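Presented below is the structure to which this report refers.
The values are calculated or read from the model by the stated rules, or taken from the named source; none is laboratory data. What you are looking at is a predicted structure, and each value in this text was computed from that prediction instead of being measured. Because the Cβ atoms are built from the backbone with ideal geometry, glycine has one as well, and the counts that use them run over all protein chains shown. With ligands, DNA and RNA removed, areas are computed over all heavy atoms of the protein, side chains included. Shrake-Rupley method; radii C 1.70, N 1.55, O 1.52, S 1.80 Å.
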Amino acid sequence: MMLLEGKVVLVTGASAGIGRAVAIGCAEHGADVALNFSRDQAGADGAVAAIEALGRRAVAIQGDVADPQTARDFIDRAVDALGRIDAFVNNAGICPFHAFLDMPVETFERTMRVNLHGAYFMVQAAANRMVEQGDGGSIIAMSSISALVGGEYQTHYTPTKAGLHSLMQSAAIALGRHNIRCNSLFPGTILTDINKDDLADENKRRSMEGRVPLGRLGQPEDLIGPTVFLASDLARYVTGASLLVDGGLYVNLQ
């Protein structure tokens, strides 16, 4: 069943990891896809090729989401190429692990600009285009389990992910009258470039796996189903909501 047949999905941070998996997964469900990427041209080109191999249209547009102008440029160029926007997935994010007491100002500010400020202007630009189209849409923020729990080396990162969820809640209210739905996904520990160095320690990795009731760490592809659901008409009455995609990690206090 092609849940996204005839729809156009835009994904930020889509040259690798969760963004790439979600972009290709949406194409597998029938969508044409526009990808934002910052530096990884080869990764973006590979994602476009994979989508086109599925018989769907794709375009990759480079831009640093920390620059507010990137948002309008991405939305405009994506719509010029693909005709419209039905769903927007805000996935771009960074997490340069660092201790709290000596956090460099530039590390803190860059993380805020990419993860939260960038999301705000991207969501705003996508929403404005959806309002102009007049037939609603779906906005999905890739938040994190880190919006709900702390992390010793993530004091700059966890507030941005909590902020993303809060943004979706408020945007759901602001945009509901336009039939634009806004929801958050909370991935748990997913094996991506962000944490590959942190999990290179085999003992730490096994410890993390042992905390997950489903017995494994997540893969980027585990986010495809939840994203496709929220982007599709199956979720037409779901807005302001959040969904943990963590293998049960959050509830495993004991």
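Taking springs between alpha-carbon atoms closer than 10 angstrom, which of Tyr157, Tyr120, Tyr237 fluctuates most in the Gaussian network model of the chain?
Looking only at Tyr157, Tyr120, Tyr237, the largest GNM fluctuation is found for Tyr237.
Can you give me the % of accessible surface on the chain that is carbon or sulfur? Probe 1.4 Å, all protein chains present, nothing else counted. Write down the numbers at each step before the final one.
Numbers: 6070 of 11860 Å².
C and S fraction of accessible area: 51 percent.
At q = 0.11, 0.14 Å⁻¹, what log₁₀ I(q)/I(0) does region 107-254 have when each alpha carbon counts as one equal point scatterer in the Debye sum?
Each listed q maps to, in turn, -0.46, -0.72.
Can you sort His117, His98 by solvent-accessible area, 1.4 Å probe, largest first?
Working: His117 90, His98 55 Å².
Highest to lowest solvent-accessible surface, that is His117, His98.
P(r) for region 1-94, please, calculated from all Cα pair distances in 10 Å bins and given in %.
20, 57, 22, 2
Sum -39500 (n - 2.57) across every DSSP H segment of at least 4 residues in the chain, then divide by the residue count to get the 222 nm mean residue ellipticity, nearest 500.
Calculated from helices alone, the mean residue ellipticity at 222 nm is -12500 deg cm²/dmol.
What is the diffusion coefficient of region 8-246 in µm²/s, taking the Kirkwood radius over Cα pairs and the Stokes-Einstein relation at 37 °C with a viscosity of 0.692 mPa s? Let's see the in-between values first.
Working: Rh = 17.8 Å.
In µm²/s, the coefficient is 184.
Which of the helices in the chain meet the span-like rule: DSSP H, Cα axial reach of 30 Å or more, Kyte-Doolittle mean at least -1.0?
On the way: long enough: none.
The answer is none, since no helix passes both cut-offs.
I'd like the GluC sites (Glu not before Pro) in region 92-174 restricted to DSSP loop residues with at most 16 other Cβ atoms within 10 Å, sorted by number.
Values: sites: Glu106, Glu109, Glu132, Glu152; in loops: Glu152.
Those satisfying the criteria are Glu152.
Which whole-number value in Å² is the accessible area per residue of the chain, probe 1.4 Å?
Working: 11860 Å² over 254 residues.
Each residue of the chain exposes 47 Å² on average to a 1.4 Å probe.
How high is the relative contact order of the chain? Use alpha-carbon pairs under 8 Å, at least six apart in sequence, and give a whole percent. Mind dumping the intermediate values first?
Numbers: 516 pairs, mean separation 49.0, N = 254.
This gives 19 percent for the chain.
Quick check for me: using +1 on Lys/Arg Cβ and -1 on Asp/Glu Cβ, what's the dipole size of region 8-246 about its Cα centre, in debye to the nearest 20?
Numbers: 20 positive and 27 negative charges, 102 e Å.
The dipole of region 8-246 has a size of about 480 debye.
Show me the trypsin sites (Lys or Arg not before Pro) within region 1-105 that DSSP assigns to loop and that have at most 10 other Cβ atoms within 10 Å of their Cβ.
Working: sites: Lys7, Arg20, Arg39, Arg56, Arg57, Arg72, Arg77, Arg84; in loops: Lys7, Arg39, Arg56, Arg57, Arg84.
Answer by residue number: Arg39.
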